Amino acid sequence: MIFPRRQIEESFLIMSKRTRVFRVDPKAPEAEAIAIAGRMIRAGGLVAFPTETVYGLGANALDETAVAKIFAAKGRPSSDPLIVHIARFEQLSRVAQAIPAGAVELGRQFWPGPLTLVLQKAPCIPANLTAGLNTVAVRMPDHEVALALLQAADLPIAAPSANQFSRPSPTSAQHVIDDLADRVEVVLDGGNTPIGLESTIVSLVEDEPRVLRPGGISLETLREALPNLRYEPSYLADDAPSAPAPGTMLRHYSPRARVILFSGADAAEVYAAMRAEINSHERVGILASDADAREFAGLDVAIERLGADADEAAHHLFAALRSLDQQGVDCILARAPERRGLGLALWDRLLRASVGSLVEVGTAPSD
Ligand code: AMP
Ligand code: MG
């Protein structure tokens with residue numbers, strides 16, 4: 001049914017009556033808005049806030065009922081555990097226990113920053129936060145708004161990305177409002193998030209440190225501190241388990257349109273395969289670097305430019321996926337990035353957005 005515009009606007013206002021949005025300076029957030037948001041966390045409510053990676057949907061990490069609200073608001077399965085955010089190093093021993101010396105060293109080196117550590121959980125962490133696991137994921141975000149909120153609440157804050165489950169993560173307050181309008185009490189709007197992809201998650205509870213999700217800190221950088229760091233994404237294994245590790249399910253970060261990823265050593269061959277695919281769909285969107293965009297000029301496609309390099313692509317990716325959805329494309333084509341630096345995290349998000357729809361063009365690269 002098509003509603004007249006006025007009616008849509010009215011229903012949107014009613015829908016979002018519960019949500020208060022505060023514009024804040026990302027470098028020096030206004031104390032009043034932070035105080036209101038901090039009180040909301042202490043009262044058991046939900047606050048969406050920017051971090052250096054993406055927007056988080058926060059609640060008191062020590063309050064089982066508040067944590068349950070996060071899962072309900074996102075429609076997130078109870079099997080997918082949350083990340084606990086802290087503002088000070090001392091809070092680590094409040095939320096985790098049996099902390100290995102290596103974790104302290106990594107924290108000192110990379111916090112605040114986009115590195116999440118999986119450790120043994122402390123008893124005060126409610127079971128629903130960790131999806132019943134005896135481990136907990138922790139990080140200290142590198143964003144003044146997130147840190148100010150944590151200080152004001154004076155509590156560890158559980159916060160997954162502030163999107164509806166399986167949708168692209170939010171990199172602006174508008175994305176949060178689009179997904180969660182009436183389901184969150186306060187949104188702190190601190191502009192676009194600087195990195196644009198989630199944190200790198202490293203588990204320190206096994207014999208060897210293991211990457212559970214590539215993200216904002218590259219594996220190359222982490223390996224300088226952790227030479228034996230392993231990374232074997234379960235969804236790439238031939239014998240991928242039917243019940244994968246928490247949060248590593250393939251379908252994630254998905255726009256409504258189908259995504260097809262093209263990989264190959266020879267750029268010209270990859271472009272040709274992408275162009276050949278265009279006619280099989282009604283309306284095609286293309287995710288392209290500035291350089292690649294030229295290859296599709298003049299064709300009847302919606303092009304979202306991802307910038308000049310992997311850093312810029314990370315910054316733009318999720319917004320680009322959302323924008324192509326809004327433009328009504330039924331299929332999105334993307335060229336797979338090189339799997340190094342931030343490119344590995346981009347590759348992971350694109351593959352998961354495509355739900356494994358990967359076309360290998362020519363000879364597969366040997367990495
Ligand atoms: P999000 O904050 O939405 O980016 O998702 C957090 C992700 O952290 C989850 O999807 C899991 O992949 C991961 N995670 C959180 N806690 C744990 C844990 N205890 N063990 C393993 N992975 C975890
Ligand atoms: Mg998420």
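Of note:
- Among the residues making up region 28-61, those that are away from ligand 1 (no atom under 16 Å from the Cβ) and aliphatic (A, V, I, L, M) are A28, A31, A33, I34, A35, I36, A37, M40, I41, A43.
- Any hit, region 156-178, residues being acidic (D, E) and more than 16 Å from ligand 2 (Cβ to nearest atom): no
- A148 within 14 Å of ligand 1 (Cβ to nearest atom), at negative phi, buried (at least 21 other Cβ atoms within 10 Å of the Cβ) and at pLDDT 95 or above: no
- Verdict on G44 being at positive phi and in contact with a strand residue (DSSP E or B) (Cβ under 9 Å, 6 or more places away or on another chain): yes
- Counting the residues of region 307-355 that are of a type in the set (V, I, T) and part of a loop (DSSP other than H, G, I, E, B) gives 2.
- S354 vs. criteria at pLDDT below 95, farther than 18 Å from T171 by Cα and polar (S, T, N, Q): yes
- Residues in region 199-210 that are part of a strand (DSSP E or B) and under 15 Å from I83 (Cβ atoms): T200, I201, V202, S203.
- Matching residues in region 131-145 - criterion: being within 11 Å of ligand 1 (Cβ to nearest atom) and surrounded by fewer than 24 Cβ atoms within 10 Å (Cβ to Cβ): A131, G132, L133, N134, T135
- Scanning region 107-129 for residues that are part of a strand (DSSP E or B) and either of a type outside the set (D, E, K, R) or touching a residue at least 60 places away in the same chain (Cβ under 8 Å) (or both) yields a total of 6.
- Within region 340-361, residues that are surrounded by fewer than 22 Cβ atoms within 10 Å (Cβ to Cβ) reach partners that are assigned to a helix (DSSP H, G or I) with beta carbons closer than 6 Å, at six or more positions or on different chains, in the pairs G341/A310; G343/A310; V361/E269; V361/V270; V361/A273.
The values are calculated or read from the model by the stated rules, or taken from the named source; none is laboratory data. Everything quoted here is computed from the prediction, not taken from an experiment. Using ideal geometry, Cβ is built from the backbone for each residue, glycine included, and neighbour counts are taken over all protein chains shown.
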